[in-house]
Amino acid sequence: MRVHFILYVRDQAAATAFYARVLDVSPSLDVPGMTEINLGGATLGLMPERGIAKLLDGAIDPSASSVPRAEVYLVVADPESLMRRALAAGGRELSPIAPRDWGHRAGYVLDPDGHVVAFASAISYSSASKGEGP
């Protein structure tokens, strides 16, 4: 099984530039209507909002809500580095990197399309059980 996570974006080129810069990865596919960025065992897809509306013959209006429509949760070795790159690339900090009660240190940004992006790393069990950060 191969997993694709597809975000509907207002501006495909801007979204591609944001994620390529933050993740430091070039797209494996970048054509009008779809960008794909391989993330190891999964693929992040970026599709223009008008593309999904057309594909589904107008059955949905993905641009109708101002509520974030997706979260990309990335477990990485150095969440601080990716958080800095996301902010430098135009993301907006929602929550700084901090220990979370599910055993990760995680920080959250909002990408230019309003999707929540989290950068996290695991806290060792001994630190997590003591309520301490890394």
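Taking segment 33-55 as the range and being part of a helix (DSSP H, G or I), among the hydrophobic types (A, V, I, L, M, F, W, C) and surrounded by fewer than 16 Cβ atoms within 10 Å (Cβ to Cβ) as the test, only LEU55 passes.
Which ones in segment 11-24 are over 16 Å from VAL117 (Cβ atoms) and not in a helix (DSSP H, G or I)? Result: ASP11, single match. Considered as a group, the residues in segment 96-114 that are part of a loop (DSSP other than H, G, I, E, B) and touching a residue at least 24 places away in the same chain (Cβ under 8 Å) include one that is most open to solvent (accessible area, probe 1.4 Å), and that residue is PRO112. Only a single criterion out of (1) in contact (Cβ under 8 Å) with a residue 12 or more places away in the chain; (2) of a type outside the set (Phe, Trp, Tyr); (3) open to solvent by less than 60 Å² (accessible area, probe 1.4 Å); (4) out of contact with any helix residue (DSSP H, G or I) (no Cβ under 6 Å at 6 or more places or on another chain) is not satisfied by VAL9, namely (4). Within segment 9-22, being within 13 Å of the chain's Cα centre (by Cα) and modelled with pLDDT under 95 holds for one residue alone: VAL9.
The values are calculated or read from the model by the stated rules, or taken from the named source; none is laboratory data. What you see is a predicted model, and the numbers here were worked out from it, not measured in a lab. A quick note on method: Cβ atoms are made from the backbone with ideal geometry, for glycine too, and the neighbour counts reach across all protein chains shown. Heavy atoms of the whole protein, side chains included, go into the accessibility calculation; ligands, DNA and RNA do not. Shrake-Rupley method; radii C 1.70, N 1.55, O 1.52, S 1.80 Å.
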